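Novice: Have a look at the structure that comes next, please.
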Amino acid sequence: MKKILLTTIITGLIYVLPIHLQPVFANRITEANYDNLKIGMTYQEVKQILGIEGEIYTQYNSPNIENFGVAYRWLNNDGTGIIAVFNSENKLIKLSAQNLNTNSLGINREPPVVTSLNIENIKVGMTYDEVTKIIGSRGTKQPTRDNPLTNYNTTEYIWLNPDSTSLTIIFDSNQKVVTIRTKNMNTYNFGNPFWNQPKPVYSITREKYEKLQLGMTYQEIRNILRKEGELDTEFDPEAFEKSIEAREMQINASAFQRGLVDREEVVPDEQEEGDKIKDAYKWMNPDETGIKVVFNMQNRAVAISTFGLGVGLR
């Protein structure tokens, strides 16, 4: 009996407390509830998610909404809550949140293109194709901005929601994510904002090229250029050998005509095994300038060429 009386007294005290002093657990309408609501749901489906009956919101007036039927609201003790508008067929056509830190306010006739869950799964370094697979759409490519602080060869895409919230992602020249920015989606910027990105390092220079010599080994060239080379998978050793042979024959024929060599010297001697061409490596800058070196079977440089460094072939 005493236990029942004590419970009754506590319950009564809760109801007479000022609203701002009532327990936190009374705020049962949350942002998570709001995020689970979808346009097109019935009143019963909305009520099941929110857990309680809604209060008919007779003060709601929106003549601009077609087939407006009835509006309900679900309020917490602190005045926060949700307003849901249904049409004459009992289908949800509009959602509005009151101070729930949500971002999808106003008329939500269309589902969002991108959500907070999408953003949580997108990481710096992902490719454009990986991002579009997560979001489910390809986004809209933005015009390139003429900004001296922006890294060259970056591409910017935007995914815009019907409520004007948005996701913007900047990709580098390899189509990999470097910056993730959002607008009104309760998230932070990820990656390096473009104005803080380090400038590309142009380590392959003409000065280093001048130090290279034919006959050097791969390791000697690597030590001068100070990084590993990238194997040129498109290089064709046989085609290169034929081009060298043709050049030698042209030089010898010209020398014979001027009486500088005998006729038998016009045709080059049989190439030794170690002198045959093996492969080629490239050392490139971010702007595609750089150096290419061709090696023979002895791993010695037989040709050194450059891209955009203002010097020619050795």
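Each value in this text was obtained by applying a stated rule to the coordinates, not by laboratory testing. In this text the structure is predicted, and so the values were computed from the model without any measurement. Cβ: placed from backbone, ideal geometry, glycine included. Neighbour counts: every protein chain shown.
Novice: Using θ = phi - 60° and the Karplus relation 6.51 cos²θ - 1.76 cosθ + 1.60, list the HN-Hα couplings for the range 117-125 in order, rounded to whole Hz, with x at every Gly or Pro.
Specialist: Those phi angles translate into 5, 4, 4, 5, 8, 8, 10, 4, x Hz.
Novice: Ordered by packing density, taken as the mean number of other Cβ atoms within 10 Å over each peptide's residues, highest first, how do 73-84, 229-240, 124-135 rank?
Specialist: Highest mean packing first, the order is 73-84, 124-135, 229-240.
Novice: A further question on this structure: 5 Å is the cut-off here: which amide hydrogens, built 1.01 Å from N in the peptide plane, fall below it relative to Gly69, excluding neighbours closer than 5 in sequence?
Specialist: Phe86, Asn87, Ser88
Novice: I'd like the Karplus ³J(HN,Hα) series for the range 293-305: coefficients 6.51, -1.76, 1.60, θ = phi - 60°, whole numbers in Hz, and an x wherever there's a Gly or Pro.
Specialist: 3J(HN,Hα) across the range 293-305, in whole Hz: 10, 9, 10, 8, 5, 8, 6, 10, 5, 10, 7, 10, 10.
Novice: Still on this model: Name the residues whose placed amide hydrogens come within less than 5 Å of the amide hydrogen of Thr115, ignoring near sequence neighbours (fewer than 5 apart) on the same chain.
Specialist: none
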